[in-house]
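Contents: one structure, followed by commentary.
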Amino acid sequence: DPRGTYSCETGGKESSPLQVHYRMCQNCIEVDVPTISGIVVADVVATIFLAVAVYCITGQDKGRMSRGEGRAPLAACGWGW
């Protein structure tokens, strides 16, 4: 395991330490607790926002008539075609 803190010593003088991190795979992403909790909170907020938006949009159509509603069909207009 190459992880750890290393330093060099030359002529009795020690250099500043060097911290070495090693990943086991090239595509790994380190995810900690604050990152996961942020993702969960953002997901919940987005879901609530989407639910409220859908509720508001669908709630507005209750009193409206559709385009064809309330009009007489062409055959009833007396054109007689």
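What number of residues within the stretch 11-39 are assigned to a strand (DSSP E or B) and open to solvent by 100 Å² or more (accessible area, probe 1.4 Å)?
Number satisfying all stated conditions: 4.
So which residues in the stretch 40-79 are open to solvent by 70 Å² or more (accessible area, probe 1.4 Å) and either on the phi > 0 side of the Ramachandran plot or modelled with pLDDT of 95 or more (or both)?
If the condition is that a residue be open to solvent by 70 Å² or more (accessible area, probe 1.4 Å) and either on the phi > 0 side of the Ramachandran plot or modelled with pLDDT of 95 or more (or both), then Val40, Val41, Asp43, Val44, Val45, Thr47, Ile48, Phe49, Leu50, Gly70 are the ones that fit.
The values are calculated or read from the model by the stated rules, or taken from the named source; none is laboratory data. If you're wondering where the values come from, they're calculated on a predicted model, not measured in any experiment. Surface areas here come from the heavy atoms of the whole protein model, side chains and all, with no ligands, DNA or RNA. Shrake-Rupley method; radii C 1.70, N 1.55, O 1.52, S 1.80 Å.
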